[in-house]
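Peer 1: Encoded as structure tokens, here's the structure I'll be asking about.
Since every read-out is calculated from the coordinates, none of them should be taken as a lab result. Predicted model, so just to flag it, every value in this text is computed and none were measured. Neighbour counts are summed over all protein chains in view; Cβ atoms, including those assigned to glycine, are modelled from backbone coordinates with ideal geometry.
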Amino acid sequence: MSRLGRLATAVHSCTTQELLVIAKDIATRATDNTPNTPTARRGRVAIAALWVTQIALAAMFLFAGGSKLVGAPAMVDLFAAIGLGQWFRYFTGAIEISAAVALLIPSAALFGAMLLIPTMVGAAAANVFLGQSPAPPLVLLLVAVAVAWGHRNRLQGLFSR
């Protein structure tokens with residue numbers, strides 16, 4: 001007897017109650033979006049794209065935060081124009097470096113992206129205050145939001161424990 005024949009015989013011999021349980025189990029597996037189910041798995045391309053984005057974002061913030069910490073003249077002038085003092089340049093640089101490093105650690109990437117979101121909101125507001133274009137920090141904000149969104153299942157897992 002073929003596999004299909006055996007399957008048909010097995011299904012035919014099941015009671016209606018057993019068929020309802022099997023159908024419910026199949027429907028639950030198809031609609032369950034928890035991280036342990038196959039339907040929630042990402043493809044290799046999506047994972048690679050998320051990593052490339054994280055690495056690029058980390059590189060940008062390593063450079064930007066580093067230029068703030070080493071005292072690049074442009075950064076010193078920018079933070080002098082903001083008017084909060086040079087301590088704020090060091091603070092912002094430390095946040096950017098910390099977030100960049102976190103983006104490169106798989107278990108901390110979500111937190112690195114979440115740390116960059118308010119930082120870029122503040123940078124966009126500072127650019128508007130100084131009469132500059134807020135477009136660069138807003139683009140970085142969108143990229144940080146995309147990375148955080150890519151790791152949203154980890155955030156849900158933290159709150160469901």
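Peer 1: Across the range 55-61, in residue order, what do the Karplus-derived ³J(HN,Hα) couplings come to in whole Hz, using 6.51 cos²θ - 1.76 cosθ + 1.60 with θ = phi - 60° and x for Gly and Pro?
Peer 2: Result, ordered by residue: 5, 5, 5, 4, 4, 4, 7 Hz.
Peer 1: Using a cut-off of under 17 Å, list every residue of the range 92-115 whose amide N is near the label point 7 Å from the Cα of Ala48 along the Cα-to-beta-carbon line.
Peer 2: Once the point is set 7 Å along Cα→Cβ of Ala48, nothing inside the range 92-115 turns out to lie under 17 Å by backbone N.
Peer 1: Would you mind ranking Trp51, Trp149, Trp87 by Cβ crowding within 10 Å, fewest neighbours first?
Peer 2: Trp87, Trp149, Trp51
Peer 1: Ranked highest first by average number of other Cβ atoms within 10 Å, how do 139-145, 112-118, 43-49 line up?
Peer 2: 112-118, 139-145, 43-49
Peer 1: Between Phe88 and Arg152, what is 0.36 nm times their sequence separation minus the Cα-Cα distance? Round to one decimal in nm.
Peer 2: Working: separation 64, 0.36 × 64 = 23.04 nm, distance 3.03 nm.
Stretched out fully, the Phe88 to Arg152 stretch lengthens by 20.0 nm.
Peer 1: Follow-up. Quick one: P(r) of the range 42-159 from all Cα-Cα pairs, 5 Å bins, percents rounded to integers, in order of increasing distance.
Peer 2: 2, 12, 21, 23, 18, 11, 7, 4, 2, 0
Peer 1: Oh, and also: Would you kindly state how much longer the chain becomes between Ala74 and Ile55 on full extension, computed as 0.36 nm times their sequence separation minus their alpha carbon distance, in nm to one decimal?
Peer 2: On the way: separation 19, 0.36 × 19 = 6.84 nm, distance 2.50 nm.
Stretched fully, the Ala74-Ile55 segment lengthens by 4.3 nm.
Peer 1: For the range 71-123, what D do you get in µm² per second when you plug the Kirkwood radius from alpha-carbon pairs into Stokes-Einstein at 25 °C and 0.890 mPa s?
Peer 2: 209
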